[in-house]
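The values are calculated or read from the model by the stated rules, or taken from the named source; none is laboratory data. Every value quoted in this text rests on a predicted model; they were computed, and no experiment measured them. So basically every Cβ, Gly included, is an ideal-geometry build from the backbone, and we count neighbours across all protein chains shown. Only protein heavy atoms, including side chains, enter the accessible area calculation; ligands, DNA and RNA are left aside. Shrake-Rupley method; radii C 1.70, N 1.55, O 1.52, S 1.80 Å.
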Amino acid sequence: MSRLSDIHQKTNEHGIGKCSVPMWSGGCPSGFCDAPAYGDKLHASKWPWGRLQYEGYVPGLACIGHGGPDSRVFMDGNLWVAVYPDFTNLQESPAGFGDSSEEARENLN
Ligand SMILES: [Zn+2]
């Protein structure tokens, strides 16, 4: 089985990583989901939108479809900024700021 790389376990300076959910093809491991992921899988209590939560094994980061957060967070100076995946710039796009990534996400919502 292929091993997790860093990009599946932590986001980069732009708050972007890759989904770590293992994929299977014909009963054999076939790499990872690799969709853009913005953090670890959310706890059920934080699961938004009333969607059915993905219950499978997530060894590292999770994409939105596999239960990960729907916003990405990164540092801007000494503040955390949370933005949606379609972010273009701070003038035109919604953004949340905070002293922690959680606080930034709360201010975005
Ligand atoms: Zn995924």
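Sum -39500 (n - 2.57) across every DSSP H segment of at least 4 residues in the chain, then divide by the residue count to get the 222 nm mean residue ellipticity, nearest 500. Provide the component values of the computation, followed by the final result.
Values: 1 runs with 8 residues, N = 109.
Here the helix-only value at 222 nm equals -2000 deg cm²/dmol.
Please quote Rg/Rh for the chain to two decimal places, taking the Kirkwood radius as Rh and restricting both calculations to Cα atoms.
Details: Rg = 14.7 Å, Rh = 14.5 Å.
Ratio of gyration radius to Kirkwood radius for the chain: 1.01.
If you roll a 1.4 angstrom probe over the protein chains with everything in place, what fraction of the accessible area of the chain belongs to carbon and sulfur, to the nearest %? Write down the numbers at each step before the final one.
On the way: 3410 of 6690 Å².
Percent of accessible area from carbon and sulfur atoms in the chain: 51.
How would D6, D86 rank on accessible area, largest to smallest, probe 1.4 Å?
Details: D6 95, D86 120 Å².
Highest to lowest solvent-accessible surface, that is D86, D6.
How high is the relative contact order of the range 8-109? Use alpha-carbon pairs under 8 Å, at least six apart in sequence, and give a whole percent.
Values: 220 pairs, mean separation 22.3, N = 102.
Relative CO of the range 8-109 lands at 22 percent.
Based on the Cβ-Cβ distance of S30 and Y84, what FRET efficiency does E = 1/(1 + (r/R0)^6) give at R0 = 30 Å, to the nearest 0.05?
Values: r = 30 Å, r/R0 = 0.99.
About 0.50, to the nearest 0.05.
If a cysteine in the chain has no other Cys Cβ under 4.7 Å from its own Cβ, put it on the list, ordered by number.
Lacking a cysteine Cβ partner under 4.7 Å: C28.
Residue separation times 0.36 nm, minus the C-alpha to C-alpha distance between S5 and E92: what's the value?
Values: separation 87, 0.36 × 87 = 31.32 nm, distance 3.40 nm.
Taking S5 through E92 to full extension adds about 27.9 nm, to one decimal.
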